[in-house]
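**Q** Please see the structure below; I have some questions.
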Amino acid sequence: MMIIDAHAHVVEHIAGFGRRGELRPLGMGRARWGDGTELQLIPPELGDREFLAPTLVGLMDENHVEKAVLLQGSFYGFQNEYAREVAGRYPGRFAAAGTFDPYCADREALLNRLLGDFQLKILKFEVSSGAGLMSYHSPFALEGPLMDGIWEAMAAAGATLVLDIGSPGMASFQPRAVATIARKFPQLRIVLCHLLAPTLNDGPALRGALDELALDNLWFDLAAVPWNVAPESYPYPTACEFVGMARSRLGAGKLLWGSDVPCVLTRDTYRHLIDYLIQGKVFTDQELEAVYRTNALELFGPAFG
C-alpha cells in the first residue's frame, strides 16, 4: 500500500519563534529558545540546523510513502519559499502549504502573494497556545475580525485551510469557533491538525469536540497523536483509542494519516508512526487505504500538481 503523509515539514534553516522567544539552531539537530531552554528538534543523523527535502524523500522512499503535504508553523520558522521550491523540484511528490502572521501590517499583500503569485492551494495556520500564534500574541477569536477576511479570501480562491488549534484547555482550543467558520463558509475545506492534540487524559474533551465538529467540510489529520500521549510508547494504545473514537463518530473518510516529521522522530521511528494504527487494528483494510492514501488524495489532489 502506498501512503500519503498529510502532515510533514521541511526546514531550510531553523528560525522558530514562540512563547519562549526566538529559536536558535545549535547544530546536531539541537536548538535553544530565547529563554535558554534547549531541545532536540531534529535527530542528529537527519539534520544539523535543517531538515532538507532530500532527507525527507529518503525517509519516504524507505517507507513506501508516495507523497507528502508540506505544512509550516512558527515552531520551525516560516518556510514559504523553500516549501514552494521543494514542491517544484519534485513535481507530483509534494503539496506546499503557505502561512503568514495575520498581525503583520501588510497581511493583505502576504495573503495575495501566497494565493495569487505563488498559486498555493493550501494555507496552514498554527494558532495554538503551545507553539503557534497564540503563544506569542494575545488569544483571539478564530471566527472574529482578525481572521474572517482570510477565511473569506481562501473560500473564494478554492484553497484548503489546515488549522492547528492546540490541545483541550488552551485558549486557542476553540472547536465551537471552527464549527462557526465551517458553517459560514461551507465551500471552505478545513483540516484540523493532530486530531485536536489530545493528551492522555483528554478523552472526554475530545469526544465532545468531535461531536461538535462533525460537519461536511471538516477533516482531521492524525499527525503526532502518538507524541501527545507521552509517556506511552509503541504501539500507543491510547492513541489508537482516540483514533478509534474519531472513526466511530466521524467515519474513516474524515481522517488523514500524517506524521509531523521531523521533531517526532526524536522519540520514535517513521515506520512505527505508520504502523501503530495497523497494529492497533483500528481500521478495516479498506478503511486503512482511505486513511493512509485516498482521503488525502481526494482532498489535496490538485495541490500536488
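Every read-out reported here was derived from the displayed coordinates using simple, explicitly stated rules and does not represent laboratory data. Computed from a prediction, not measured in an experiment: that's the story for all the values here. Cβ atoms come from the backbone with ideal geometry, glycine included; neighbour counts cover every protein chain shown.
**Q** Using modelled backbone amide H atoms (1.01 Å from N, in-plane), which distant-in-sequence or interchain residues come within less than 5 Å of Ala31's amide H?
**A** Leu26, Leu39, Leu41
**Q** Here is a further query. Mind putting a number on the dipole of the chain about its Cα centre? Charges go on the C-beta only, +1 for Lys and Arg and -1 for Asp and Glu, and I need it in Debye to the nearest 20.
**A** 260 debye
**Q** Among Asn217, Pro168, Cys193, whose Cα sits farthest toward the positive end of the charge dipole of region 154-305 (+1 at Cβ of Lys/Arg, -1 at Cβ of Asp/Glu, about the Cα centre)?
**A** Of the listed residues, the answer is Asn217.
**Q** Give the relative contact order (percent, whole number) for region 107-217; include only Cα pairs under 8 Å separated by 6+ residues. Don't skip to the answer; put the middle values down first.
**A** Values: 151 pairs, mean separation 29.4, N = 111.
Computed value for region 107-217: 27 percent relative contact order.
**Q** Let me ask you something else. Return the single residue from Ser233, Ser248, Ser259 with maximal mean-square fluctuation; model: Gaussian network over the chain, springs between Cα atoms under 10 Å.
**A** Ser248
**Q** What percent antiparallel are the DSSP beta bridges of the chain, to the nearest 5?
**A** Antiparallel bridges make up about 30 percent of those DSSP assigns within the chain.
**Q** Here's something else I'd like to know. Charges at C-beta only: +1 for Lys and Arg, -1 for Asp and Glu. How large is the resulting dipole of region 177-225 about its Cα centre, in Debye rounded to 20?
**A** In total the dipole reaches around 160 debye.
**Q** May I pose another question? On a straight-distance basis, which aspartates and glutamates could pair with Lys67 in a cross-link, Cα separation under 18 angstrom, same-chain partners fewer than 8 positions away excluded?
**A** Asp5, Glu85, Asp221, Asp260, Asp275, Glu289, Glu298
**Q** Between region 99-176 and region 250-280, what is the C-alpha centre distance in whole Å?
**A** Each part reduced to its Cα centre gives a spacing of 25 Å.
**Q** Related question: Positive end of the dipole of region 48-207, charges at C-beta (+1 Lys, Arg; -1 Asp, Glu), about the Cα centre: which of Gly88, Ala179, Phe78 has its Cα farthest in that direction?
**A** It is Ala179, whose Cα lies furthest towards the positive end.
**Q** If you don't mind, there's one more thing I want to ask. Please compute the length gained on full extension between Lys281 and Ser138, using 0.36 nm multiplied by the number of residues separating them and subtracting their Cα-Cα distance.
**A** 47.3 nm
**Q** Build a GNM of the chain with springs between Cα atoms under 10 Å: which of Cys104, Cys263, Cys193 gets the top mean-square fluctuation?
**A** Cys104
**Q** Could you identify which residue out of Ile122, Ile150, Ile165 has the top mean-square fluctuation in a GNM of the chain using Cα springs shorter than 10 Å?
**A** Ile150
**Q** Along region 44-58, what does the Karplus equation 6.51 cos²θ - 1.76 cosθ + 1.60 (θ = phi - 60°) give for ³J(HN,Hα), rounded to whole Hz, x for Gly and Pro?
**A** Those phi angles translate into x, 6, 10, x, 8, 10, 7, 9, 8, 4, x, 5, 5, 4, x Hz.
**Q** What net charge is computed for the residues neighbouring Phe17, neighbours being all others with C-beta under 11 Å from the C-beta of Phe17, Lys and Arg scored +1, Asp and Glu -1? The partial results should precede the final answer.
**A** Numbers: positive: Arg19, Arg20, Arg24; negative: Glu22, Asp101.
Summing Lys/Arg as +1 and Asp/Glu as -1 gives +1.
**Q** Got a sec? Charge dipole of the chain, +1 on Cβ for Lys and Arg, -1 for Asp and Glu; which of Ala97, Leu39, Asn112 is way out at the positive end?
**A** Asn112
**Q** Run the dipole for region 224-305 about the Cα centre, Lys and Arg Cβ at +1, Asp and Glu Cβ at -1, nothing else charged, and hand back the magnitude in debye, nearest 20.
**A** The dipole magnitude comes to about 100 debye.
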